[in-house]
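I have placed the structure first, in the form of structure tokens, so that the comments after it can refer back to it.
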Amino acid sequence: MINYESYLSVSGTRMQQSPIRQMGTVAAQNPDIISFAPGYPAPEAFAWDDYREIATSLLAGRQGGVLQYGPTRGHKPLLEFLVSLVGTRGIRTSTDDIIVTTGSQQGLDVIARLLLDPGDVALVELPSYAGAITAFRNVRADLVGVRQDRAGVDLDHLDSLTDRLAREGRRPKFLYVVPNFQNPTGQLMSLARRAALLEWAERRDMLLVEDDPYGALYFEGAATPAETRPIKADDASGRVLYLSSFSKTLAPAFRVAWVVAPTALASRIETAKQALDLCTGSFDQHMVYEACRRGVLDRHVPVLRAHYQHKCGVMERALRDRLQGQAHWMPPRGGFFLWVELPEHIDAGRMLERCLRRGVIYVAGRAFFVDGSGAHTVRLAFSAASADRIVEGINRMGEAFSEESAQPQAPVAVHQE
Ligand SMILES: Cc1ncc(COP(=O)(O)O)c(C=O)c1O
């Protein structure tokens, strides 16, 4: 028997499965399970007919580039389109500063490889996107969590952490943030807080990594496009690496996303990406570019806003019916997620086992906290399930909650930094 463990690198040994992917597998194996776990887009809302037409015409054209390897940086017309797309978000840039990536997840992975050595500190929000945590941990970075309040990152905590690290002779490489309808909390960072973060980065000579897959999906009447203005839009001195994606607006199957970075870093990201995949799938990029050129994106995004706003409303009403006064949540103003805080003594991981027996799953919030806290929190994605199943799923969750609340509670261990 070969002992494969003995062949693994330190990083290879430490790599961990994403808890969200694990939950996705559970749901895929049993279609009766109602899943609020992965942040999947609504399959009924994909622009199926448009994609069929585009795919047919691309293949009928028999142009080599559609099925050929392409430039690592991305399909040129798509890069040019992206310059104008981010322009509508207030970001002034050029194709020199943009790289198409294979999902934003690859962007995060490349940024981690490029900026972090083992033991380097990266600052992340408490809680933060689990996929970013995994990417940063894979390069053996040391992740330090910054508290958030309702307006976003807590600047006092950020400053005190940076001071503490400085006293230890450590300088964080960057702060990673998701200001628009954050994954996992769904919250929108205030504009004042965004400006303060940029000021902090200037004052402390730090970089920001801004991840923005959900900004276009604000709910009409609840948030305005102006409130989703990226930090990058006001980045006069090149401190922000900005990531965005077509996964939530067109379809994640295309795996087409992009990074806007200062020119010097953009070319290094391109070099790092070469070793990962040579280029993002050419067919995918052509599909996405054609969808943008033919106006599918522009027509489709307002439909999605209404669709997700409706589903979010259904979930909130169901939560009010089942858990009003017992659990807390902030109504999201866009995006895919509703973040629920259960009473402190309820362990969301343990409750998940009861939920699974009743045929509903979510992500227990602890997965999003790098300091091991958050045991009583739950991330619910309202994006993928149908309205009927959302109501049924919350009912099942409510039953599991009542059952769990009736149990004598063992104290929940909370690890603080
Ligand atoms: C905050 C955040 N960043 C990145 C990603 C990865 O997206 P992509 O499909 O573009 O890889 C996700 C997906 O859920 C996300 O929520």
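Panel order for R320, R170, R396, by other beta carbons found within 10 Å of each beta carbon, from fewest to most: R320, R170, R396. All C-alpha pair distances within the stretch 314-364, sorted into 10 Å bins from zero, spread as 22, 55, 23, 0 percent across the bins. Modelled label positions at R203 and R320, each set 7 Å beyond Cα in the direction of Cβ, lie 4.0 nm from each other.
The GNM of the chain, with springs linking C-alpha atoms under 10 angstrom apart, assigns the highest mean-square fluctuation among S373, S247, S237 to S237. Legend: residue pairs K173/K232; K173/K248; K232/K311, Cα-Cα distance threshold 23 Å; pairs beyond threshold, K173/K248; K232/K311. Between R147 and Q29, full extension at 0.36 nm per residue minus the direct alpha carbon distance yields a gain of 38.8 nm.
Averaged over residues, the count of other Cβ atoms within 10 Å places the peptides 134-141, 255-262 in the sequence 255-262, 134-141, highest first. Note on the stretch 40-79: semi-axes of the ellipsoid equivalent to its C-alpha gyration tensor, largest first and rounded to whole Å, are 24, 16, 8. For the pair E44 and S190 in one chain, pulling the backbone fully straight at 0.36 nm per residue adds 49.4 nm over the alpha carbon distance.
Using only Cα coordinates, the Kirkwood hydrodynamic radius of the stretch 265-306 works out to 12.4 Å.
The orientation-averaged projected area of the convex hull spanned by the Cα atoms of the stretch 83-158 comes to 6.5 nm². A quarter of the convex hull surface defined by the alpha-carbon atoms of the stretch 14-120 gives 11.2 nm² as the mean projection. For the chain, set up a Gaussian network in which alpha carbons nearer than 10 Å are linked by springs, and say which option among T95, T56, T228 fluctuates the most. Between T95, T56, T228, it is T56 that shows the largest mean-square fluctuation.
In this rough spin-label picture, where each label sits 7 Å from Cα along the Cβ direction, the R92-Y7 distance is 5.4 nm. Does the stretch 48-297 come out rounded, prolate or oblate, given a ≥ b ≥ c as the square roots of the eigenvalues of its C-alpha gyration tensor, rounded meaning a/c under 1.5 and, failing that, prolate meaning a/b above b/c? Taking the square roots of the gyration eigenvalues as a ≥ b ≥ c, the stretch 48-297 is prolate. Among the DSSP helices (H) of the chain, those spanning at least 24 angstrom by Cα along their long axis with an average Kyte-Doolittle hydropathy of -1.0 or more are 296-323, 387-406; this is a geometric and hydropathy rule only.
Hydrodynamic estimate: the Kirkwood radius of the chain over Cα pairs, inserted into Stokes-Einstein at 10 °C and 1.306 mPa s, corresponds to D of 71 µm²/s.
Readers should treat all values here as calculations from the given coordinates under stated rules, not as data from a laboratory. Keep in mind it's a predicted model, so treat the numbers as computed, not measured. Cβ atoms come from the backbone with ideal geometry, glycine included; neighbour counts cover every protein chain shown.
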